[in-house]
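Report on one structure; see the data block that follows.
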Amino acid sequence: MKTSQNRRDFLKISSAGALGIMALGPMACTTGTAVDKKSFGVGLQLYSIRDAMDEDVPGSLQKVSDLGYKYLEMAGYSDGMFYGHTPAEFKKMANDLGMEVLSSHTMVEAEGITLDNAKIMADAHAELGVKYCVQPWVNEPDRNIESYKKMIGDWNEVGKIMKEAGIQFGYHNHNFEFLNIDGIVPYYDLFLPEMDPDLITMEIDLYWVTKAGQDPVEMFNKYPGRFQLFHLKDMYTETEPYFDVIKDDISPVGAGLIDFKRVMAAKEKAGMKHFFVEDDNQGNGKPFEGIGTSINNITGDILV
């Protein structure tokens, strides 16, 4: 387990973070010429606007496109449907707005999944044309060594079925995977060793690994090529490592302390192919304002 000093090396000077909201706000990339934000290939995890998606799918996607997002990662699959739409319907909505549905968060519960159900899930995602399908969560009662081992075995099997459908399966972390359980740190001692890297890639959430006291760049150096997907979200304050899923410190990307330039400079070592903005707090009640600030900071500072 890394110390908080490692995390500090990964964060910006706090005064720079405090200035980030002003210096890197929605107008930061205004230079007198129009910027084609879609050319930066920024993705959005639609969980960031989940309430809006529940109310108005086409209108919400229009707003996301207008902000400049190119890629989408869904969080609304159920029984072969995506946000209540068939794969073809949802794909057309996104494509007509100049966006591509690249990935999907889909829960495989601890009790496992039948191979038939996994095939249905894979076929629906293949019809939509996603490249990734990601396990996003582990329920609290299942966060123990025995359950983790069983779930990893199941996920490897799902990964085989997804691969046959042309889809890469993945795992999205929070902070609880880094909690030491009787001398075992699940992420390092179970997940990375026992997940078949050909079948399961890691979608690293930069907020949660930092809150758990980890340095993402050190992780990339130790496990090169394992992290094809990044989740970008920022934090206002540096804290001691913690392992409860507490979301009240999430900020728009570039408005907080995380040094995303340093992380993105190591993307080749990580094996990164795509990245998504995610705001679990939905912009603290202003979801489109929050994701607007994030993409402006990414295209106006972090990637330039």
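The values are calculated or read from the model by the stated rules, or taken from the named source; none is laboratory data. These numbers come from a predicted model, not from an experiment. In this analysis, Cβ positions are derived from the backbone assuming ideal geometry, glycine residues included, and neighbour counts consider all displayed protein chains. Remember, those area values only see protein heavy atoms, side chains included, never the ligands or the DNA or RNA. Shrake-Rupley method; radii C 1.70, N 1.55, O 1.52, S 1.80 Å.
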Scan the range 58-83 for residues that are in contact with a Lys or Arg (Cβ under 9 Å, 6 or more places away or on another chain) and part of a helix (DSSP H, G or I) and report the count. 2
The lone exception for R7 - which of (1) modelled with pLDDT of 95 or more; (2) crowded, with 21+ Cβ neighbours inside 10 Å; (3) more than 18 Å from F275 (Cα to Cα) it fails: (1)
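What number of residues in the range 168-183 are closer than 24 Å to L102 by Cβ, open to solvent by 10 Å² or more (accessible area, probe 1.4 Å) and either aliphatic (A, V, I, L, M) or not in a loop (DSSP other than H, G, I, E, B) (or both)?
Here the count works out to 1.
Identify all residues within the range 253-286 that are open to solvent by 30 Å² or more (accessible area, probe 1.4 Å) and part of a helix (DSSP H, G or I); write none if there are none.
So in the range 253-286, the residues open to solvent by 30 Å² or more (accessible area, probe 1.4 Å) come out as 259, 261-262, 265, 267-269, 272-274, 281, 284-286.
If the condition is that a residue be open to solvent by 30 Å² or more (accessible area, probe 1.4 Å) and part of a helix (DSSP H, G or I), then K261, R262, A265, K267, E268, K269, N284, G285 are the ones that fit.
Picking from I152, I161, I204, which residue would you name as being at pLDDT 95 or above, open to solvent by less than 10 Å² (accessible area, probe 1.4 Å) and either over 30 Å from D259 (Cβ atoms) or assigned to a loop (DSSP other than H, G, I, E, B) (or both)?
So the residue among I152, I161, I204 that is at pLDDT 95 or above, open to solvent by less than 10 Å² (accessible area, probe 1.4 Å) and either over 30 Å from D259 (Cβ atoms) or assigned to a loop (DSSP other than H, G, I, E, B) (or both) is I152.
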With respect to the numbered conditions (1) over 16 Å from H105 (Cα atoms); (2) buried (at least 17 other Cβ atoms within 10 Å of the Cβ), which one is the sole condition not fulfilled by D189? (2)
Could you run through the range 98-117 and say how many residues are within 15 Å of I152 (Cβ to Cβ), out of contact with any strand residue (DSSP E or B) (no Cβ under 9 Å at 6 or more places or on another chain) and touching a residue at least 24 places away in the same chain (Cβ under 8 Å)? 4
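Considering only residues that are under 19 Å from F275 (Cα atoms) and either open to solvent by less than 10 Å² (accessible area, probe 1.4 Å) or not small (G, A, S) (or both), which ones fall in the range 96-124? Can you show your working first?
The first filter runs over the range 96-124 and keeps only residues under 19 Å from F275 (Cα atoms), leaving 98-106.
Across the range 96-124, the qualifying residues are M99, E100, V101, L102, S103, S104, H105, T106.
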Which of the residues belonging to the range 114-142 are more than 23 Å from F230 (Cα to Cα) and outside any helix (DSSP H, G or I)? T114
Just checking, does the range 207-230 include any residue being of a type outside the set (F, W, Y), at pLDDT 95 or above, within 30 Å of V57 (Cβ to Cβ) and in contact with a Phe, Trp or Tyr (Cβ under 6 Å, 6 or more places away or on another chain)? no
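Return a yes/no flag: does the range 230-240 have any residue that is open to solvent by less than 20 Å² (accessible area, probe 1.4 Å), of a type outside the set (S, T, Y) and in a helix (DSSP H, G or I). Give the derivation first.
Pass one, the range 230-240, residues open to solvent by less than 20 Å² (accessible area, probe 1.4 Å): 230-235.
Next, from what is left, pick out any that are of a type outside the set (S, T, Y): 230-235.
The next check asks that each one be in a helix (DSSP H, G or I); those that pass are none.
Checked the range 230-240: no residue is open to solvent by less than 20 Å² (accessible area, probe 1.4 Å), of a type outside the set (S, T, Y) and in a helix (DSSP H, G or I).
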